[in-house]
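Shown next, in structure tokens, is the structure this report addresses.
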Amino acid sequence: QVQLEESGGGLVQAGASLKLSCKASGLGASRLAIGWLRQIPGKDREFVAYIAWNDDRTYADSVKGRATISRDVATSTVFLQMESLKPEDTARYYCATPDSSGRYTSWGQGTQVTVSP
């Protein structure tokens with residue numbers, strides 16, 4: 001069973017940067033496909049970025065050019081580096097891993113990112 005734990009969120013001003021971490025544990029943790037999603041209360045979770053087991057990367061248009069997803073195999077950690085943060089990036093950020101059908105089934109608890117104007 002896979003367990004995921006996010007960290008690195010915080011309160012920053014617009015234009016700042018943050019690096020979020022997603023530490024994975026369990027079978028195959030070092031090469032998991034991991035997605036980052038975010039959610040504002042009252043709204044559906046929104047896709048942010050994805051890294052496949054072979055390090056292929058996908059980004060949402062809303063963060064393309066400002067976000068970089070990467071992996072440290074040695075520590076089974078996936079990072080989301082966010083630059084030039086905007087107030088509309090304010091959300092709770094979750095990492096998750098998909099099952100064979102592509103549905104995200106294992107989730108962390110999330111980390112809050114708040115961007116002030």
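The values are calculated or read from the model by the stated rules, or taken from the named source; none is laboratory data. Keep in mind the model is a prediction, meaning the values are calculated, not measured. All Cβ positions, even for glycine, are placed from backbone atoms using ideal geometry, and neighbour counts span all protein chains on display. Calculation scope for accessible area: heavy atoms of the full protein, side chains included, ligands and nucleic acids excluded. Shrake-Rupley method; radii C 1.70, N 1.55, O 1.52, S 1.80 Å.
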Q.
Need one number for the chain: average projected area of the convex hull over its C-alpha atoms, nm².
A. 6.8 nm²
Q: Tell me the label-point distance for the pair residue 16, residue 88, using the 7 Å Cα-to-Cβ offset, in nm and rounded to one decimal.
A: 2.1 nm
Q. Mean shadow of the range 1-57, computed from the convex hull of its alpha carbons, in nm²?
A. 5.2 nm²
Q.
Please list, ordered by chain and number, the residues whose modelled amide H lies under 5 Å from the amide H of residue 71; skip anything fewer than 5 residues away on the same chain.
A. 79
Q. About the Cα centre of the chain, what is the dipole size in debye to 20, counting +1 per Lys and Arg Cβ and -1 per Asp and Glu Cβ, all else neutral?
A. 40 debye
**Q.** Whole-angstrom gap from the range 1-47 to the range 50-82, using each part's C-alpha centre
**A.** 10 Å
**Q.** Quotient of Cα Rg and 2.2 N^0.38 Å for the range 32-89, N being how many residues it contains
**A.** 1.16
Q: Towards the positive end of the charge dipole of the range 43-117, with charges on Cβ (+1 Lys, Arg; -1 Asp, Glu), say which of 91, 101, 49 has the farthest Cα.
A: 91
**Q.** Exposure of residue 71 as accessible area (Å², to 10), given a probe of 1.4 Å and all protein chains
**A.** 40 Å²
**Q.** Chain lengthening between residue 54 and residue 25 when straightened (0.36 nm per residue, less Cα-Cα)
**A.** 8.6 nm
